[in-house]
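Q: Dropping the structure in here first, questions after.
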Amino acid sequence: MAVTLVDPPGLPETGIYRQVSVATGSKLVHIAGQVAWGADGATVGVDDLAAQVEQCYLNVATALAGAGGTPDDLARLTVYVVDWTPDKMPRLMEGIARAAARLGRSPLLPPATLLGVAALDVPEHLVEVEATAMLD
């Protein structure tokens, strides 16, 4: 595996993501921000943050597969959420857990940054996830 996720001593364990990823592969993959579009281009989960998060993560997995990778190859994520407030965290985590279950994996993520934004590309999109991966 080209990416090793760690929580070094002295940094807190979040239970959601790892603090550090060490990438040693030879193929760097950048995935454009994924929104809650299904394969048909229609928005999935209008007004439902958890459903949109789930679709975004499934889209990231699909993009990775297209590059020859899997979610195990993720080195970094950036998550943009419209009008973010901490009370949205349970819905965000629900969406991540649902995507992980559909992908048959643990919901633990690589290092990630969550940013609150005023708006995304279209008004019905509540979240966008961009990713970087390293493949052997």
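Q: In this structure, does Arg105 turn out to be among the basic types (Lys, Arg) and either under 13 Å from the mean Cα position of the chain (by Cα) or open to solvent by less than 70 Å² (accessible area, probe 1.4 Å) (or both)?
A: no
Q: Could you check how many residues of region 50-88 are touching a residue at least 60 places away in the same chain (Cβ under 8 Å), surrounded by fewer than 20 Cβ atoms within 10 Å (Cβ to Cβ) and in a helix (DSSP H, G or I)?
A: Qualifying residue count for the region: 2.
Q: List pairs: first residue in region 107-120 and within 15 Å of Leu92 (Cβ to Cβ), second residue loosely packed, with under 13 Cβ neighbours inside 10 Å anywhere in the structure, Cβ distance under 7 angstrom, at least six positions apart or on different chains.
A: Note: pairs meeting the criteria are Gly116/Asp83.
Q: Which residues, taken from region 14-39, are closer than 20 Å to Thr4 by Cβ and of a type outside the set (A, V, I, L, M, F, W, C)?
A: Selection gives Thr14, Gly15, Tyr17, Arg18, Gln19, Ser21, Thr24, Gly25, Ser26, Lys27, His30.
The values are calculated or read from the model by the stated rules, or taken from the named source; none is laboratory data. This structure is a prediction, so every number in the text was calculated from the model and none was measured. Cβ sites come from the backbone with ideal geometry, for glycine too, and all protein chains shown count toward neighbours. We work out accessible area using only protein heavy atoms, side chains counted, and drop any ligands, DNA or RNA first. Shrake-Rupley method; radii C 1.70, N 1.55, O 1.52, S 1.80 Å.
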